[in-house]
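J.: Right, I'll just put the structure down here and ask away after.
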Amino acid sequence: CIILKLKDCLPEKTYFFKMALVPSNHTNSSSLYFSLMGIPGLEASHVWMGILFCSMYIITLLGNSMILLTVRLDQTLHEPMYYFLCMLAVIDLVMATSIVPKMLGIFWLNSVEIAFDACFTQMFFVHSATAAESGVLLAMAFDRYVAICYPLRYQAILTHQKVTQIGLAILLRAALVMTPVTWMMKSLPYCGSNVIAHSYCELMAVVKLACADPLASSQYCVVGSTLIVGTDTAFVSMSYGMILRAVLRLAKKEARLKAIGTCGAHLCVMLLYYVPGMASIYTQSFGQGVAHQTQVLLADLYLTLPPMLNPVIYSMRTKQIRKGVFKLFGQRKSLAEPSI
């Protein structure tokens, strides 16, 4: 009774700060739930944060849907490079949709509870999407390498079947990496606090709530992330090193500029993904001196900023995509005009 009265006395606005007052021996049940705090320390700004992330989400939906529709309707874009771009757009949509709707519920409706199974489902999709995106960026670097270094064999090397196999391999790798760690995390006992000091079920934030020693899960996460990003970055760097060597051998300056221009958008997207991504991973794991709200905000922006900016970058820096978008909207405009 005392515990119930104490819980009832908690102010409404501080509901999501409450702790699990009674430790439970039934730890891994589907009836359990976690409470997400949003961005700790910035509760007064949650409404404005919601407006910011809602705007970013709308731009993400419109931009990536536009890329998918443009490539689907423009026959000239049915090439490996644009198929990989479509994969990137789908992954960006999955990544943003996995976290933003729940974040808006926290910021605007104080809907802080998330079911035990739903939390680990969100965790799986979020982190699988980040692993898959790294794989797609590697595939796009390989595509540019073949296109510039072996232009006459491009169609023979990157056939539709090969592109499909690469796409399936990317998804399989992401699932194989995330399934064990999600299973290990879900198997841990959670009998103390149920408050996740984050705006989504981020792996390192959830593992801190476990009653058992989470060292194996934490090390798996850091080592797995480092291996994926490190391996992909190494192969991407190798590809662009070979591309640069091939470009410098071109006789005409115009040809060199064109070759570099085709890779510019991809390089921008890679920097936008890898730099904040690794910063987020290592600040979550080792950034004791970094303010917690900074860590949370960095992790949120890492999952929402690249999906919003990727279609903008490719539309601005890729001539074929830009022409396809103009053609798409030009056709729709002409269809909308009344005939005389």
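J.: Spin-label point model (7 Å from Cα, Cβ direction): what's the residue 253 to residue 73 distance in nm?
T.: Taking the two extended label points, one gets 4.0 nm.
J.: How big is the charge dipole of the range 32-320 about its Cα centre, in debye rounded to the nearest 20, if each Lys and Arg gets +1 on its Cβ and each Asp and Glu gets -1 on its Cβ? Before the final figure, lay out each step's value.
T.: Values: 16 positive and 13 negative charges, 262 e Å.
That gives the range 32-320 a dipole magnitude of about 1260 debye.
J.: Extension gain residue 291-residue 327, at 0.36 nm per residue separation less the Cα-Cα distance, in nm? Write down the numbers at each step before the final one.
T.: On the way: separation 36, 0.36 × 36 = 12.96 nm, distance 4.76 nm.
Taking residue 291 through residue 327 to full extension adds about 8.2 nm, to one decimal.
J.: Taking the Cα-to-Cβ direction at residue 156 and at residue 108 and moving 7 Å from each Cα, how far apart do the two end points lie in nm?
T.: Calculated label separation equals 5.6 nm.
J.: Next up: Given bins 10 angstrom wide, list per bin the percent of all Cα-Cα distances in the range 32-320, short to long.
T.: 6, 27, 33, 21, 10, 3, 0
J.: Of all the C-alpha pairs in the range 57-98, what % are more than 13 Å from each other?
T.: Details: 413 of 861 pairs.
I get 48 percent for the Cα pairs in the range 57-98 exceeding 13 Å.
J.: Sticking with this structure for a sec: Could you run the Karplus curve 6.51 cos²θ - 1.76 cosθ + 1.60 with θ = phi - 60° over the range 135-141 and give me ³J(HN,Hα) per residue in whole Hz, x for Gly and Pro?
T.: Once θ is set to phi - 60°, the couplings for the range 135-141 become x, 5, 4, 5, 4, 5, 5 Hz.
J.: Then there's this: Order of 35, 111 from fewest to most other C-beta atoms within 10 Å? Write out the running numbers ahead of the final one.
T.: Numbers: 35 19, 111 14.
Lowest to highest Cβ neighbour count: 111, 35.
J.: If we count other beta carbons within 10 Å of each Cβ, what is the order of 79, 254, 133, fewest first?
T.: Numbers: 79 18, 254 8, 133 26.
So the ranking, lowest neighbour count to highest, is 254, 79, 133.
J.: Right, next: Amide H to amide H, which residues 5 or more places from residue 210 or on other chains are under 5 Å from it, using H placed in the peptide plane?
T.: Amide H to amide H, under 5 Å and 5 or more residues apart or across chains, residue 210 pairs with nothing.
J.: While we're on this one: For residue 208 paired with residue 169, estimate the spin-label separation in nm (one decimal), with each label point 7 Å from Cα along the Cα-to-Cβ line.
T.: 3.8 nm
J.: Assuming 0.36 nm per residue, please report the length gained on full extension of the stretch residue 117 to residue 51 beyond their Cα-Cα distance.
T.: Using 0.36 nm per residue and subtracting the Cα-Cα distance, I get 21.0 nm.
J.: For residue 226 and residue 42, what is the calculated FRET efficiency with R₀ set at 35 Å and r taken between the beta-carbons, to the nearest 0.05? Can you show the working numbers first?
T.: Values: r = 29 Å, r/R0 = 0.84.
Plugging the Cβ-Cβ distance into 1/(1 + (r/R0)^6) gives 0.75.
J.: Non-local amide H neighbours of residue 196 (under 5 Å, H modeled in plane, Pro and chain starts lacking H): which ones?
T.: The list, which skips near neighbours in sequence, is 35, 36, 37.
J.: Quick one: of 252/319; 253/319; 102/208; 102/323, which pairs are farther than 25 Å apart, Cα to Cα?
T.: Working: 252/319 20 Å; 253/319 19 Å; 102/208 21 Å; 102/323 36 Å.
Over 25 Å Cα-Cα: 102/323.
J.: Return, for the Cα atoms of the range 68-218, the radius of gyration and Dmax in Å, separated by a comma.
T.: 19.4, 62
J.: Quick one: grab the alpha carbon gyration tensor of the range 93-156, order the square roots of its eigenvalues as a ≥ b ≥ c, and give me rounded if a/c is under 1.5, else prolate or oblate depending on whether a/b is larger than b/c. Don't jump to the answer; show the numbers that get you there.
T.: Numbers: a/c = 6.07, a/b = 3.43, b/c = 1.77.
Cα axes put the range 93-156 in the prolate bin.
Since every read-out is calculated from the coordinates, none of them should be taken as a lab result. The shown structure was predicted, so the numbers you read here are calculated from the model rather than taken from an experiment. As a convention, Cβ positions derive from the backbone with ideal geometry for all residues, glycine included, and neighbour counts pool all protein chains shown.
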